Each structure stands twice: as structure tokens, then as C-alpha cells.
Amino acid sequence: MIRHEFDDLIDNYRELHSKQIALSGESGEFFAAYKAEKLAQWLPQLQGPVTMLDFGGGDGLMASRVHQRFSAARVIGVDASPRSVEHAQRQYGGQAEFLWVKDRHLPFPDATFDLVYASGVFHHIPFGEHAGYLDEIFRALKSNGAFVLFEVNPFNPLSVWIFKTGVIDKSATMIFPARARKTLKPYGRIKTKYYFFFPGFTRFLRGLEPYLEWLPLGGLYACVVKPEAKSVVRN
């Protein structure tokens, strides 16, 4: 992974993030738990003492919420920002493990993880470097595991406005779902899931979301990838 501006943002990250997403009507804590619940819905096989990797886990909030949702799981977060890792360890060290990784090489043996997820990480990595990071992720992923890429949907006007006006993503580039699928295609079978159709004031409608996952208008989307035996991984 790259060393990025989050070393300088971590002390005020949650405050900045809350301001950035205020129009959604929800908090960062909500979205972390929300994504953890989506993992449980999309991947019901994740039960018992599975091992999960939070790739680019930042301040550790997402890893903590994933651990709360999957209480028997071992959750490990890695990040390129050493100060973010220090913060995560202080705040959530009792729920997950956190490691600083200075480059794209992951310090884990092949086929370690049942699940790897990356929440809002890849839009901070130059597109030309995505395949290198994915090679490492899929090397560390079990053949019957899954990788989930969580991203902001460029087809949703509110998401675009939030992304482009926020301090946190000022050096990032949105990833269109078609580009994400093209990049992920060598690694396995892909399902694209759209979600967060209803901001806070319409949250009572969220029970409809499972029926709308095909519709590319949700504020967020995810690519769920399950490796295939003949997937090509470049070394």
C-alpha cells in the first residue's frame, strides 16, 4: 500500500468524515455496522472461527464493527498509515489486530483468509497499481473465500457531491462499477451489489434494499468476488 495523507488526518478523521457525509443523514459508525451487516447477508457461509482481513482499515472502526457482527471471527486490519494503525490499536485492540504494511506485500502465508474486504480504499490507490494489490489479496485468500470491494457509486449524484467536496477524498478518484468489474475479472466470479438507496430521512424504506441491489443508483456499491480454480493471478 502507499503511504498517504491519512497520517495527517487521523487525529480529526471522524470529525472530518462526519461533516463530509452529513447529507446522508447517517454517521461513520452507522456505515461501518451497515457494511458488516451486508457482509453477513451476502456471504452467509461466514460462520464460526473464520479469519478476515480488513485491507486499508484506517482507524479500525470497520474492523471493530465486523468483529461485533462476527463474534467468533479473527479480524486483522492492515494499513499503510502507521499513525492510523496506532490509533486503531488504541481504540479497538481488544476486538481486532492491526498491522502497518509499508507496501503492497502482505505479511501472511498463501490462503490465510476466508474473507478480505476493502472499504473505500481502492479509490485512494492509483488505478495502474490496483492489479498489484489484488494479486496479493487473492494470494492470501482461500480458494473458497471471498473478496468484497466497497466503493462509492459515481452514478449517484449525492455520492458524487459528497465525494468531490470532502477533504478526505480530495486526492482520490471515483471508480465506476464497470471499471471495477474489469479489473476484478481475472480473479473470479463477480456479483455487483448496489445499496444505500435511502438517506436518513427515508430510512424506514431500507427494507426494500435487497430487492434493489441490481439497480445502479444506490449511493454505494460493492463487488463480491469468489475465486475460480483457473483465475489468473499475476506475480
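Worth pointing out:
- Within the set A111, A146, the sole residue that is farther than 23 Å from W214 by Cα and either in contact with a Ser or Thr (Cβ under 8 Å, 6 or more places away or on another chain) or of a type outside the set (D, E) (or both) turns out to be A111.
- On inspection, Y187 fails the criterion of being closer than 21 Å to A40 by Cβ, within 18 Å of the chain's Cα centre (by Cα) and aromatic (F, W, Y).
- Residue within segment 166-189 that is of a type in the set (A, V, I, L, M), more than 17 Å from P126 (Cα to Cα) and in contact with a strand residue (DSSP E or B) (Cβ under 8 Å, 6 or more places away or on another chain) present: no
- Any hit, segment 43-59, residues being in a helix (DSSP H, G or I) and under 25 Å from A172 (Cα atoms): no
- Looking across F155, F204, F150, one residue alone is outside any helix (DSSP H, G or I), out of contact with any Asp or Glu (no Cβ under 8 Å at 6 or more places or on another chain) and open to solvent by 40 Å² or more (accessible area, probe 1.4 Å). It is F155.
- Any hit, segment 164-180, residues being closer than 29 Å to P44 by Cα, within 16 Å of the chain's Cα centre (by Cα), modelled with pLDDT of 95 or more and among the charged types (D, E, K, R): no
- V66 being buried (at least 16 other Cβ atoms within 10 Å of the Cβ), within 26 Å of L158 (Cβ to Cβ) and touching a residue at least 12 places away in the same chain (Cβ under 8 Å): yes
- Of residues in segment 158-192 being of a type in the set (S, T, Y) and in contact (Cβ under 8 Å) with a residue 60 or more places away in the chain, the one surrounded by the fewest Cβ atoms within 10 Å (Cβ to Cβ): S171
- First in segment 101-114 and farther than 20 Å from A88 by Cβ, second anywhere and loosely packed, with under 15 Cβ neighbours inside 10 Å and hydroxyl-bearing (S, T, Y), Cβ under 9 Å, 6 or more apart: A111/S143
- Subset of segment 1-58 [modelled with pLDDT under 90, among the acidic types (D, E) and open to solvent by 20 Å² or more (accessible area, probe 1.4 Å)]: E5, D8, D11, E15
- Only listed residue being surrounded by fewer than 22 Cβ atoms within 10 Å (Cβ to Cβ) and modelled with pLDDT of 95 or more, chosen from R74, R104: R74
- Tally, over segment 77-101, of residues that are in a helix (DSSP H, G or I), open to solvent by 10 Å² or more (accessible area, probe 1.4 Å) and touching a Phe, Trp or Tyr at 6+ places or on another chain (Cβ under 9 Å): 7
- Restricted to segment 211-220, and to residues there that are farther than 16 Å from E26 by Cβ and touching a strand residue (DSSP E or B) at 6+ places or on another chain (Cβ under 9 Å), the residue that is surrounded by the fewest Cβ atoms within 10 Å (Cβ to Cβ) is W214.
- Some residue of segment 120-141 being touching an Asp or Glu at 6+ places or on another chain (Cβ under 8 Å) and assigned to a loop (DSSP other than H, G, I, E, B): yes
The values are calculated or read from the model by the stated rules, or taken from the named source; none is laboratory data. Remember, predicted model here, so these are calculated numbers, not experimental data. FYI the Cβ positions are ideal-geometry reconstructions off the backbone, even for glycines, and counts take in every protein chain you see. Calculation scope for accessible area: heavy atoms of the full protein, side chains included, ligands and nucleic acids excluded. Shrake-Rupley method; radii C 1.70, N 1.55, O 1.52, S 1.80 Å.
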